[in-house]
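**Q** Take this structure, written in structure tokens, and hold onto it; I'll ask about it next.
The values are calculated or read from the model by the stated rules, or taken from the named source; none is laboratory data. Computed from a predicted model, the values in this text were never measured in an experiment. No Cβ is skipped: glycine too gets one built from the backbone with ideal geometry, and neighbour counts run over all protein chains shown. All accessible areas refer to the heavy atoms of the entire protein, side chains included, with ligands and DNA or RNA removed. Shrake-Rupley method; radii C 1.70, N 1.55, O 1.52, S 1.80 Å.
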Amino acid sequence: MTSETPTIRRVLVAKPRGYCAGVDRAVQAVEKALEQYGAPIYVRKQIVHNTHVVRTLEQRGAIFVEETEEVPEGAIVVFSAHGVSPAVHQEAAQRRLRTIDATCPLVTKVHNEARRFASQDYDILLIGHEGHEEVEGTAGEAPEHIQLVDGLDSVDTVKVRDPERLVWLSQTTLSVDETTETVSRLKTRFPNLIDPPSDDICYATQNRQVAVKEIAAQAQLVIVVGSENSSNSKRLVEVALDHGADASYLVDNSSFVKDEWLDGVTTVGVTSGASVPDELVAGVLAKLAEHGFDTVEEVESVEESVRFALPHELRKDLRATV
């Protein structure tokens with residue numbers, strides 16, 4: 001009589017995952033501001049798109065507002081990692097607010113490109129998602145020159161003044177493959193469309209997509225930890241489905257993982273968006289372990305070593321108190 005070999009249930013955890021340098025910088029900016037100046041510290045929009053991070057900072061004394069006009073005159077306000085338009089900076093100055101600009105340096109790079117091409121009278125096609133804070137901030141740098149291209153379907157409606165003076169830029173958190181496809185279709189219409197001087201999609205977004213492709217090819221199910229309003233997290237779900245996973249779901253934390261997802265599954269891939277602290281991934285791994293997924297393997301695709309300094313307004317005051 002032979003006994004059946006027990007089924008091995010394993011988890012492949014993508015690396016890199018979670019916090020990128022821009023998110024780490026922005027979250028630290030709020031934490032350090034609370035330590036340096038005391039509560040409350042106001043933050044315009046969510047500092048990063050993660051409900052757990054926002055809730056944790058609220059508990060420490062951060063107050064999140066939608067618009068600058070909600071901040072009391074003369075108070076301290078932190079601008080989120082997604083960036084703001086020049087109009088927002090002007091509003092803050094008019095209200096005599098002390099600002100800490102936690103815009104990710106890679107978003108600032110896109111803002112600088114927008115201003116430079118606009119000053120040279122180019123039309124700028126900004127590939128991104130309508131309503132996203134980053135897109136609003138970038139478009140605000142040169143509203144007369146920028147038009148949004150939101151997905152393949154909008155390519156055919158693009159109208160430009162001079163197809164010989166045309167450049168594309170992009171939101172930093174898009175799907176690399178989808179953006180490439182959009183640019184290709186744009187170039188079919190506008191063969192002389194100029195590429196940005198350097199890649200606008202940030203290193204962290206690209207690296208996390210490369211990593212999820214590797215685990216999706218080996219997993220029946222990929223769980224992406226991230227909030228519903230996180231663009232880069234949602235893209236990871238799409239990439240996983242496009243590269244071999246039978247199913248992929250976005251979860252804010254372990255409580256969102258449904259038991260029925262695991263029926264008949266032997267290999268689960270796990271990753272997280274660039275604004276997700278690793279404690280939330282640990283919670284998902286613990287939940288999977290309760291269901292027998294206790295063989296965990298980390299799959300590293302790319303090594304990351306990028307770090308960004310804190311916003312200069314904050315560094316100056318921190319140095320003064322040392």
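**Q** Sequence neighbours fewer than 8 away in the same chain don't count; with that in mind, list the aspartates and glutamates whose C-alpha is under 14 Å from LYS287.
**A** The reachable aspartates and glutamates, counting only those whose Cα sits under 14 Å from LYS287, are ASP252, ASP259, GLU260, GLU279.
**Q** Can I ask one more? Using amide H atoms built 1.01 Å from N in the peptide plane, name the residues 5+ places from VAL225, or on other chains, whose amide H lies under 5 Å from its own.
**A** For VAL225, whose amide H was placed from the backbone, the distant partners under 5 Å are VAL251, THR271, SER272, GLY273.
**Q** Once you treat every alpha carbon in region 69-140 as an equal point and sum by Debye, what is log10 I(q)/I(0) at q = 0.12, 0.14 Å⁻¹?
**A** For the requested q values the scattering log ratios are -0.36, -0.48.
**Q** Another question about this same structure. Under a Cβ-Cβ cut-off of 9 Å, what is the net charge of the residues other than ASP162 that fall near it, where Lys and Arg count +1 and Asp and Glu count -1?
**A** -1
**Q** Among the trypsin sites (Lys or Arg not before Pro) within region 95-179, which fall in a DSSP loop and have no more than 12 other Cβ atoms within 10 Å of their own Cβ?
**A** Here the sparse-neighbourhood loop sites are ARG96, LYS159, ARG161.
**Q** Report, largest value first, the span of the C-alpha coordinates of region 135-244 along each principal axis, in whole Å.
**A** 48, 28, 25
**Q** Just report the Cα centroid separation between region 28-58 and region 151-189, whole Å.
**A** 35
**Q** Using each residue's phi in region 251-266, evaluate 6.51 cos²θ - 1.76 cosθ + 1.60 at θ = phi - 60° and report the 3J(HN,Hα) Karplus result to the nearest Hz, with x for Gly and Pro.
**A** 10, 6, 6, 5, 5, 8, 6, 9, 4, 5, 4, 8, 4, x, 9, 10
**Q** Kindly identify region 1-122 as rounded, prolate or oblate by the Cα gyration tensor criterion: order the square roots of the eigenvalues as a ≥ b ≥ c, call it rounded if a/c is under 1.5, otherwise compare a/b with b/c, prolate if a/b is larger, else oblate.
**A** oblate
**Q** Find the Cα radius of gyration of region 247-322, compare it with 2.2 N^0.38 Å by division, and give the number to two decimals.
**A** Compared with the compact-globule rule of thumb, region 247-322 sits at 1.61.
**Q** Separation of region 278-318 and region 105-127 by C-alpha centroid, Å?
**A** Centre-to-centre distance over Cα atoms comes out at 31 Å.
**Q** Report the relative contact order of the chain, percent, no decimals, based on alpha-carbon pairs under 8 angstrom and at least 6 residues apart.
**A** Relative contact order of the chain: 25 percent.
**Q** Turning to a different aspect of this structure: Kindly write out, for region 183-196 in residue order, the coupling ³J(HN,Hα) from the Karplus curve 6.51 cos²θ - 1.76 cosθ + 1.60 (θ = phi - 60°), rounded to whole Hz, with x marking Gly and Pro.
**A** 4, 4, 5, 4, 6, 5, 7, 10, x, 9, 4, 8, 7, x
**Q** Per residue, what accessible area does the chain have, given a 1.4 Å probe and all protein chains present, in Å²?
**A** 46
**Q** Follow-up question, since we're still on this one. At a 1.4 Å probe radius, carbon and sulfur cover how many percent of the accessible area of the chain?
**A** That fraction is 47 percent.
**Q** Still on this structure, I have one more. Is the C-alpha gyration tensor of region 169-322 telling us rounded, prolate or oblate? Criteria: a/c under 1.5 is rounded; beyond that, a/b larger than b/c is prolate, otherwise oblate.
**A** oblate
**Q** Let me ask something additional. Using all alpha carbons of the chain, what is the percent of pairwise distances in each 10 Å bin, ordered from the shortest bin to the longest?
**A** P(r) over the chain, rounded to whole percents: 6, 24, 29, 24, 13, 3, 1, 0, 0.
**Q** For LYS187, give me every one of the lysines with a C-alpha distance below 28 angstrom, ignoring sequence neighbours fewer than eight places off in its own chain.
**A** LYS109, LYS159, LYS213, LYS234
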